[in-house]
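Undergrad: Sharing a structure below in structure tokens format, with a few things to ask.
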Amino acid sequence: MGDGSQTGAPSPALATKSPCAGTDTQPNRCMAFTGTTLIDDTEARLIEHQDHLFDWLDNTQRRVRWRVYHDGPPFFLLFGRFKELVGMKYRPISELAHDIQHEPADQAPEVLFIEPRYFDYFWSDAPPNCNHPLGRVCDGESFLHRVYTALTSNPEKWARTLFILTYDEHGGFFDHVPPLPIDNLVPPRAKYSERFTTTGPRVPGLLISPWVKPGSVFHGHLDHTSILQLLAEKFGSGPEGYSASVTHRRNQEQGIRSVSEALADAPALRPIPTCALRACPPMSSMKRQPKAPNERAFQQAALELLNHEGLIATGSKYPDLIGAPLTPAP
């Protein structure tokens with residue numbers, strides 16, 4: 001599964017478009033949540049608004065019910081959708097299991113977004129569980145165990161559920177498979193002018209569902225926009241019904257395909273495997289001042305959310321944000 005927005009030749013580290021510019025977290029997330037990107041790097045900033053997956057789901061022709069469950073501030077904070085962030089569509093991860101078990105099907109969300117506690121959230125004593133170095137693997141795996149246990153706790157809902165686990169980039173590890181060549185269009189208002197030329201290094205992607213043949217491996221070409229194709233098939237007019245930019249990637253000779261092509265024609269209902277969770281040992285606090293650009297972006301977004309929505313609304317929704325350093329990073 002390609003990360004969706006990397007450029008250049010394969011490399012043991014990050015594939016780049018020039019000696020001083022490469023793409024990573026922020027543009028890759030834009031590809032995943034919008035189908036394109038106006039930026040090609042990660043900086044200490046709010047990400048400029050563009051048509052978002054949430055807008056697509058909310059469209060009056062679709063009105064797809066969606067919800068975000070988060071452990072700590074979600075990445076969507078960086079898109080500056082402040083009013084939305086303090087609304088009912090965002091809930092703490094602690095409510096996921098209860099909602100899965102008890103919420104009526106006709107009221108439950110049709111699409112869930114589940115956000116871990118990010119390493120970039122630097123002012124918290126709680127350990128990150130996003131599987132980002134330098135965070136511990138056990139914390140990330142414990143978070144996934146918690147999510148999987150919640151999703152499978154209602155067998156009737158689980159029979160209609162597809163759990164997609166993916167990452168925004170490859171983590172700098174060497175891959176012997178070169179990225180696919182692809183011609184990605186530069187969108188209007190983009191902050192760059194040189195087109196992306198490859199899909200980027202592969203990133204891990206897991207499909208967990210009764211709709212997946214046990215132990216199977218899909219060998220087609222996927223990237224983050226493959227998930228948008230799947231949503232367009234489920235709730236729209238078909239895999240080419242999401243946006244022109246997503247369809248352009250699908251129509252390439254290499255063919256970025258839909259996640260649906262990795263699914264079976266019918267669910268295979270079988271006993272849900274269970275595994276006891278081993279608790280992670282205590283760890284010392286990783287609280288620190290912001291260093292990396294994405295950490296400073298989280299700080300800026302947190303302060304702006306407090307300014308826009310006030311201490312009461314923000315604090316009741318994201319109590320950890322009250323501890324955000326009040327001086328923006330230079």
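Undergrad: Name the single residue that is surrounded by the most Cβ atoms within 10 Å (Cβ to Cβ) among those in the stretch 107-126 being over 15 Å from W66 (Cβ atoms) and of a type in the set (D, E).
TA: Here is the first cut: in the stretch 107-126, the ones over 15 Å from W66 (Cβ atoms) are 116-126.
Adding the requirement that they be of a type in the set (D, E) leaves 120, 125.
Working: D120: 24, D125: 11.
If we take residues in the stretch 107-126 being over 15 Å from W66 (Cβ atoms) and of a type in the set (D, E), then D120 is surrounded by the most Cβ atoms within 10 Å (Cβ to Cβ).
Undergrad: Can you pull out the residues in the stretch 299-315 that are closer than 13 Å to L85 by Cβ, touching a residue at least 40 places away in the same chain (Cβ under 8 Å) and not β-branched (V, I, T)?
TA: Within the stretch 299-315, A301, A302, E304, L305, H308, E309, A313 meet the criteria.
Undergrad: Let me ask another. Does P201 satisfy the criteria of being in contact with a His (Cβ under 6 Å, 6 or more places away or on another chain), at negative phi and not acidic (D, E)? Spell out how you get there, then give the answer.
TA: Numbers: in contact with a His (Cβ under 6 Å, 6 or more places away or on another chain): yes; at negative phi: yes; not acidic (D, E): yes.
Spelling it out, P201 is indeed in contact with a His (Cβ under 6 Å, 6 or more places away or on another chain), at negative phi and not acidic (D, E).
Undergrad: Residues of the stretch 275-288 being within 29 Å of A32 (Cβ to Cβ) and either loosely packed, with under 14 Cβ neighbours inside 10 Å or modelled with pLDDT of 90 or more (or both), which ones?
TA: C275, L277, C280, K287, R288
Undergrad: Which of the following residues is surrounded by fewer than 21 Cβ atoms within 10 Å (Cβ to Cβ) and either within 16 Å of the chain's Cα centre (by Cα) or closer than 21 Å to S124 by Cα (or both): H52, H70?
TA: Going through H52, H70 in turn, the sole match is H52.
Undergrad: Look through the stretch 136-164, keep the residues that are surrounded by fewer than 18 Cβ atoms within 10 Å (Cβ to Cβ) and among the basic types (K, R), and return whichever of them is farthest from S284 (Cα to Cα).
TA: Filtering first and then ranking leaves R160.
Undergrad: Do the conditions hold for E194, that is, is it surrounded by fewer than 17 Cβ atoms within 10 Å (Cβ to Cβ) and touching a Lys or Arg at 6+ places or on another chain (Cβ under 9 Å)?
TA: When the stated conditions are applied, E194 passes them.
Undergrad: Also, I was wondering about something else. So, in the stretch 227-252, of the ones that are within 17 Å of T199 (Cα to Cα) and in contact with a strand residue (DSSP E or B) (Cβ under 9 Å, 6 or more places away or on another chain), which residue ends up modelled with the lowest pLDDT?
TA: The extreme case among them is Q252.
For every residue, the table says whether it meets (1) closer than 23 Å to L206 by Cα; (2) at pLDDT below 65; (3) assigned to a strand (DSSP E or B); (4) not acidic (D, E).
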site	(1), (2), (3), (4)
S5	yes, yes, no, yes
P10	yes, yes, no, yes
Q26	yes, no, no, yes
E43	no, no, no, no
D55	no, no, no, no
Q61	no, no, no, yes
V68	yes, no, yes, yes
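Undergrad: Residues to consider are I272, I322; find the one that is part of a loop (DSSP other than H, G, I, E, B), over 28 Å from E169 (Cα atoms) and either at pLDDT 95 or above or among the aliphatic types (A, V, I, L, M) (or both).
TA: So the residue among I272, I322 that is part of a loop (DSSP other than H, G, I, E, B), over 28 Å from E169 (Cα atoms) and either at pLDDT 95 or above or among the aliphatic types (A, V, I, L, M) (or both) is I272.
Undergrad: Take the conditions surrounded by fewer than 19 Cβ atoms within 10 Å (Cβ to Cβ) and either of a type in the set (A, V, I, L, M) or in a loop (DSSP other than H, G, I, E, B) (or both) and apply them to L77. Does it pass?
TA: Against the criterion (surrounded by fewer than 19 Cβ atoms within 10 Å (Cβ to Cβ) and either of a type in the set (A, V, I, L, M) or in a loop (DSSP other than H, G, I, E, B) (or both)), L77 does not qualify.
The values are calculated or read from the model by the stated rules, or taken from the named source; none is laboratory data. Everything quoted here is computed from the prediction, not taken from an experiment. FYI the Cβ positions are ideal-geometry reconstructions off the backbone, even for glycines, and counts take in every protein chain you see.
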